[in-house]
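Comments concern the structure below.
Since every read-out is calculated from the coordinates, none of them should be taken as a lab result. Here the structure is a predicted model, which means the values were calculated and not measured. Don't worry about glycine lacking a Cβ; one is built from the backbone with ideal geometry, like all the others, and counts go over all protein chains shown.
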Amino acid sequence: MWLWLVLLLSPIIASIPIAVAWEFNRNIGRKLPVLSVVGLFISFLVTLYILLFVEEGRFSYPWLPGIEIAFIVDYLSKYMGVLTGFIAFVIGVYGLEYMKDDYRLGWYWFFFNLFTASMLMVVYSDNLLSLLIGWEGLGIASWGLIGHWFRDDDELSYVGVINRKVGFLKMFWSPSTGGWRAISTIRLGDMPMFFAVAAIFAFAGNLNISQIDWELLIEKIGSFGVAVLLLAFLMGPFTKSAQLPFSEWLMTAMTGPTTVSALLHSATMVAAGTYLFMRISWYIEPWKIHDAGIEFVYLLVLFLGLISSLYGALVALASRERKVLLAASTMSSLGLMFAAAAASKWIGEFAIVVAFWYLITHAFAKATLFLVAGHLIHETHDRFLCGDLEVAKKMKLTFVVTIIATVMLAGIPPLTAYWVKSAMDEVMHALHEVGEAPLFLLIVISAVYSAFLAKFLSMNFVKGRHVHLHLHGGGLMKTGYTLMVSMLFLLLAVILLGIDEHVEEFVKAGFHATSFMVGVLVTVAYAIGFVKPTLETKVGQVLADRFYLMALNDFIVPKIGWAFVTAVDYGNRAIDFFTHRAIPGLFESVSKGIRVLQTGRLSHYVQLALGALMLLLIVVSVAGW
Amino acid sequence: MISALLAPLIAVIVAPFFKPREAAVLSAVAFFAAFVGLLIDAFTGAYYRVDLVQAAEPVGNIYMFGDTVSHAFGFTIAFVSAMVALYSYPYMAHRFEEMGLGEDEFKKYWFLHNLYAASMLWLVYAGNLILLYVFLEISLVTSFLLIYMYGYGNRQWVALLYFVWTHIAGALALVGFLLIGFENKTLALDSIKTVSFLAWLLVFLGMIIKLPGFGAHIWLPWAHAEAPTPVSALLSPLTVGLAAYVLLRIYFIEPSFIIDHRIPIFAYGVLTSVYAGLAVFKQNDYKRLLAYSTVSQMGYILIAFTLGAAGILGVVIQYISHAFGKSILFMTAGAIIATFHGLRDLNKMSGMHEFVPTISNAALLGFMNLSGILTIGMIGEFYILKGLADTFGLPSAINSIAMATMLSVVIVFIISGLYSFYTMKRIYYGTPADYSKVLVHRLLDSPLYVIAILSILLLLPPFATWFIDALVKFLGVA
């Protein structure tokens, strides 16, 4: 139990001193970020310990009736845990320098560490409800960090060209808007997911991912029921991992500090969605279940993933902002992860392993690229793609690191991602029951993906416009991304030396002729992207404007919402008028009317009494009594 | 620990004789002591009763008793009251100064405040419906007086409005109670055997006005917005939800009324919650905004009532989580009012985090309670959703009711999350408005964090384990 407490609480506890001190004494506060990073480091050590010394198995502790706080150490969680711990720690170190002069350090470190702890909770949780604690933690921490620069006063923290408009759409977003878009999208997915979790508890009587009996559940609630349940559940991962049409928040999440983007896009948050899908698929074992509902869901995820991936890749290809390009590319990668994991329905466990290894490779490469982007933004004071050879010359290490990260992630043979992508080619190729479309889409995506990675390199170091550099410091930042990128070599070694038994197949796949052909295509695409990095056509503009998908977030949904809100407001006014003006008014006039009769003259009253008596007599006689 | 109920009585009698500051501490200590005792009772599932008077038919035995449900409501009331007592000191000092009243006014204030809080606490331990009604009336009269004397705006009018509405509620419930009394020849909760349809209907209608449900909800934004803020921080989190407590007690005796009319009550709950939740977006007054959010949250309670045993568990937890969240939020609104000289208009607020970061962070914690993020609210939502699945099953080709109910509850929860963070953005984020950074009185912010900490603790073991176990045992949830 202590192991888990230390793992989850050390980052949080270590960040409390700075969170409190920042409100009272900033001089003390400025000295405390190191403590937060120490907390992250302790967590990292624990994840390492779990990887090396803790046997696979479950660890559970009582929580609510019938629901435990349960952790599991298995193939997925032990690697994912170390990945999270390591990346968070390295980005933490980088952040010591990157965020040095920030005006809100207490907030930053608290939420950064909460973010990490939440992700670790998601990674190791076996129980869906305890997982949801971490899941909600991710949501709230991402809101806090994306909107970190809440004053909206720094052009560098915006996304889009300030004051640009297309039709009725404002094409720029402030940090506070970015935070709002993130949390509002995420809530949309989390609530159906929450319902699905409660329903699983109601029908299966168990929330432990490794123990839920899905076949029994299908028997109980039928194919349609399972499909509804799974889709409701997957709304959480879809929104968190920014699949279509929930992708806009991820693009404007770039309003947060770059360290946050790096963490958010590699090992936490967006990865949480795909990771969770892999984790439940690992135990649902859909390849063993023959059920129309399950098949439908996995088919949907497969194509949603591929289409989102293509969308992301195209947007990245035309994007003009450093971080937005990387954000769109993350979306593309997430789509591939979903698709590959969904292919497990037909291929088996191997497809999940492929998706998982792609997640790991992508995490290190993407974290590196974000850290590089952060450093570049720091030195150029510009968030758009810019920089010519002078940048490459003056920032040699950064340049080299970028080359390594891009070529390794693109899937150029024989580098790290090549082997993983080859395995993915093989998986998609083997989807005979689904047809040729997945493989075809994957190849197109791979080529576009490679091209925009080359574009990122080219536009920042070689062919971008000339910029003025403000070189100063940068030691810790360089250490950060150098460490990060070196992990890609480690992965390459693991794959080639066959250290992990699951990845031997990768190498075999890499030697297939088709895989190699794809590898060549990707290399050519990289070369083209490098030589001709810009796409300044009308089509390019549409791509760069993300197919105007923001209309959904910024126009259509709000308009519908406000129509309802306005109607409700009129309703309230009407009820208010009726109860607080009309009814009291009625009482008043009745009371006035009655008081008219009260004149105080006896003769008047006698007349009234006689009149009433006459009336009564007439009524009685008419009634015939 | 029935003696825990006596501590607030001491505060009611003694506090007015102390200086305002000491009186605040004394009241807080008294209620906090009660809270600790009742929290332990809640964890251990203690049961006790004390007979007071054996009255004639149809009143019957008048007694006080405590079971797990009483403790759950009881510790919440005691805890929030303790924190509000501390908060009252700087806030009311500011208010009296604003109204040109002297420090002596505190004597009246402490008496009314403590009596108001204590009557709510005692209400959930009342073993006879007449006794319960008496406590209900005491809480109404004291809160009416507090609004009448120290409220904002057109306070006399608002106080009267509050008085009339809640008395319609009270009178309907009273007639319902009396019918129960005539039917059973007693009003003692342990001896009532049946509740006729008419009696149930009257109590239900009364409590719908008090809760409030859609239509009747219109009084609440007036009263809760114009009350002095510490009173709002008791009214909104504690008082209105007591309607749920009353309904729960009747439900334990005779649940058929709710079960037979499950669908309309459920639909009414959804309508209330969605309608009020949407209204939140349009408000420009911080306290009015929070008041509408209260209506929306009370809709949760109506919904949860129809969802079987898990739903009833949801009702109890929802009361607690809303009480914690809303008391924090009303106190943040008050802190801004006190610090920026009556600032309540959202159009004049922007980037307020810049000036009052501790208040802004507290507001975040409050909204996290409302949207069920990392606080006890999460457990409440979970059981409501579980009750939903238990009751209506899963959506399927032949079960369109399940689809409709699922979607509506999901929408209800989403709206809460959306207005929470929309409001955070409007008030605390964005380009800072033209104010300067000020020092917030420590008692205006620290009590808020104490509440938030308890709310988080109640989500996690061991507190959650003890508490939910005891509740589940008591309610017999499968």
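Express in whole angstrom the spacing between the alpha-carbon centres of the range B:143-157 and the range A:1-48.
Taking the Cα centre of the range A:1-48 as reference, the centre of the range B:143-157 is 47 Å away.
Based on the alpha-carbon gyration tensor of the range A:560-623 and its eigenvalue square roots a ≥ b ≥ c, which shape applies: rounded if a/c is under 1.5, prolate if not and a/b is larger than b/c, or oblate?
Judged from the Cα gyration tensor, the range A:560-623 comes out oblate (a/c at least 1.5, b/c at or above a/b).
So for the pair A:His512, B:Tyr47, with labels modelled 7 Å out along Cα→Cβ, what separation do we get in nm?
6.8 nm
Would you work out which of A:Ala343, B:Ala233, B:Met99 lies farthest towards the positive end of the dipole of the protein assembly as shown, given +1 charges on the beta-carbon of Lys and Arg and -1 on that of Asp and Glu, about the Cα centre?
So the residue we want is B:Met99.
What FRET efficiency comes out for the pair A:Ala582/A:Leu9, r = Cβ-Cβ distance, R0 = 45 Å, nearest 0.05?
0.15
Mind checking which lysines have their C-alpha under 28 Å from A:Lys421, skipping anything on the same chain fewer than 8 residues away?
A:Lys78, A:Lys240, A:Lys288, A:Lys323, A:Lys345, A:Lys366, A:Lys455, A:Lys508, A:Lys532
Can you give the mean number of other chain Cβ atoms that lie within 10 Å of the Cβ atoms in peptide B:412-425?
That average works out to 5.
Please list, by residue number, every one of the GluC sites (Glu not before Pro) in the range B:29-110 that is coil in DSSP and has at most 14 other beta-carbon atoms within 10 Å.
B:Glu103
Based on the mean of other beta carbon atoms within 10 Å per residue, what is the order of B:283-294, B:82-93, B:253-264, B:440-451, most packed first?
B:82-93, B:283-294, B:440-451, B:253-264
Any idea how far the Cα center of the range A:256-294 sits from the one of the range B:400-478, in Å?
27 Å
Could you tally the net charge around A:Phe555, taking each other residue with its Cβ under 15 Å from the Cβ of A:Phe555, Lys/Arg +1 and Asp/Glu -1?
Net charge in that neighbourhood comes out at +2.
On a C-alpha basis, how far is the centre of the range A:410-454 from the centre of the range B:249-285 in Å? Whole number, if you could?
The two parts, judged by their Cα centres, are 52 Å apart.
If you put +1 on each Lys and Arg Cβ and -1 on each Asp and Glu Cβ, how big is the dipole of chain A around its Cα centre, in Debye rounded to 20?
The calculated dipole for chain A is roughly 2200 debye.
Within 11 Å, Cβ to Cβ, of A:Leu376, how many net charges do the neighbouring residues add up to if Lys/Arg are +1 and Asp/Glu are -1?
Net charge in that neighbourhood comes out at +1.
Give me the dipole magnitude in Debye, nearest 20, for chain B about the Cα centre, with unit charges on the beta carbon: positive for Lys and Arg, negative for Asp and Glu.
540 debye
Residue by residue through A:198-205, how many Cβ atoms from other chains fall within 10 Å of the Cβ on average?
6
Using a simple charge model, +1 on the beta-carbon of Lys and Arg, -1 on the beta-carbon of Asp and Glu, nothing else, what dipole does the range B:192-339 show about its Cα centre, in debye to the nearest 20?
My answer is approximately 40 debye.
For B:Tyr48, list long-range residues whose amide hydrogen, built 1.01 Å from N in the peptide plane, is under 5 Å from its own amide hydrogen.
It is B:Gly66, by chain and number.
Which of rounded, prolate or oblate describes the protein assembly as shown when judged by the alpha-carbon gyration tensor and an a/c cut-off of 1.5?
Judged from the Cα gyration tensor, the protein assembly as shown comes out prolate (a/c at least 1.5, a/b above b/c).
Could you tell me which of B:Leu388, B:Leu457, B:Asn361 has its Cα farthest along the dipole of chain B towards the positive end, charges placed at Cβ (Lys, Arg +1; Asp, Glu -1), taken about the Cα centre?
Farthest towards the positive pole: B:Asn361.
Under the Karplus relation 6.51 cos²θ - 1.76 cosθ + 1.60, θ = phi - 60°, what is the ordered set of whole-Hz ³J(HN,Hα) values for the range A:46-51, x standing for Gly and Pro?
Result, ordered by residue: 5, 4, 5, 4, 4, 4 Hz.
Please give, to one decimal in nm, the separation of the simple spin-label points placed at A:Glu501 and B:Ile263, each 7 Å out from Cα toward the Cβ.
Here the modelled spin labels are 5.7 nm apart.
Can you give the FRET efficiency to the nearest 0.05 for B:Ala433 and A:Ala612, using r as the Cβ-Cβ distance and R₀ = 56 Å?
Rounded to the nearest 0.05, the efficiency is 0.25.
Taking only pairs that are 8 or more places apart or on different chains, how many Lys pairs in chain B have Cα atoms under 13 angstrom apart?
4
Give the shape of chain B as rounded, prolate or oblate, defined through the alpha-carbon gyration tensor: a ≥ b ≥ c are the square roots of its eigenvalues, a/c under 1.5 means rounded, and otherwise the shape is prolate if a/b is larger than b/c and oblate if not.
oblate
Which one, A:Leu76, A:Pro33, A:Pro65, projects farthest toward the positive side of the charge dipole computed for the range A:1-80 from Cβ point charges (K/R +1, D/E -1)?
A:Pro33
What ranking do B:370-383, A:558-571 get when scored by the average of other Cβ atoms within 10 Å per residue, highest first?
Sorting B:370-383, A:558-571 by mean packing, highest first, produces B:370-383, A:558-571.
Which of the trypsin sites (Lys or Arg not before Pro) found in the range A:430-533 are loop residues per DSSP with 13 or fewer other Cβ atoms within 10 Å of their Cβ?
Filter output for the range A:430-533: A:Arg465.
Tell me the net charge near B:Gly430. Cut-off is 12 Å between Cβ atoms, B:Gly430 excluded, with +1 for each Lys or Arg and -1 for each Asp or Glu.
Charge balance near B:Gly430 sits at 0.
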